[in-house]
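Undergrad: This is the structure I want to talk about, given as structure tokens.
Rule-based calculations on the coordinates, nothing more; no lab input. Since we're looking at a predicted model, the values are computed, not measured. Glycine gets a Cβ as well: all are built from the backbone with ideal geometry, and neighbour counts include every protein chain shown.
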Amino acid sequence: MKKILISDTFKSLLEKERNFLLRSDVKFFSAASNNELLSIHRSEKANLIISSLDAPGIRTEDLFIEIRKDDELRKVSLIMICHDKPADRARAERCSPNIILTLPVDMKLLLEKAQHLLSIPPRESYRVLLSVSINGCSKDQAFFCRSENISATGLLLETERTIQEGDRLTCSFFLPESRQITIPAEVVRKIHQADKSGTKRYGVRFEKMDHETRNAIESFVQKKSQKFH
């Protein structure tokens with residue numbers, strides 16, 4: 001699980017990037033001020049911070065001096081966003097960021113940089129029909145649904161059924177040029193927004209995947225990525 005801590009300034013922008021935000025292997029935290037950002041980072045040990053130079057609270061330079069001098073807190077990547085002015089760039093450099101981006105934010109570039117710093121492969125919006133059963137329930141609990149954004153770690157499941165975080169599932173599906181794949185999984189995130197059709201979305205993490213299955217999924221994602229690029 002990768003943890004990303006962002007300033008509230010950019011929360012609404014990132015929420016529009018569904019493919020990245022709703023991954024089952026990414027957890028997001030947001031902070032309304034630099035003081036809150038430091039408090040959350042102390043407790044959660046984020047892998048990546050996306051911060052604004054002008055966030056309220058303690059000065060941003062002082063915040064990251066505090067973070068960089070701590071042996072545990074300093075183990076974090078930083079994307080600093082500021083105005084494209086020499087003075088602001090100089091202030092941003094004093095925060096020892098991995099990357100500086102300027103306003104207005106290029107969201108595609110921001111997500112590319114975030115994925116690179118976290119070593120997260122991009123998801124492919126491949127939609128597949130699944131047969132899903134909820135473990136521990138009767139057979140009539142098996143149902144068909146669709147998924148997207150599949151990777152070797154999990155997928156985003158779309159269904160009209162109501163399921164719960166923590167539910168254990170068995171997912172069965174076919175990939176092109178591959179055998180049938182059956183994988184145990186866990187619901188790790190419930191996406192509260194439902195579209196007008198009533199479809200609900202859940203982040204699902206695969207469990208106990210054998211080597212052959214992992215290779216099949218990773219090969220599929222790689223082919224899709226090469227075709228996309």
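Undergrad: Distance in nm between label sites at residue 162 and residue 84, each 7 Å beyond Cα in the beta-carbon direction?
TA: It is 5.0 nm.
Undergrad: How much length is gained on full extension from residue 199 to residue 11, taking 0.36 nm per residue of separation minus their Cα-Cα distance?
TA: In short, 65.3 nm is gained.
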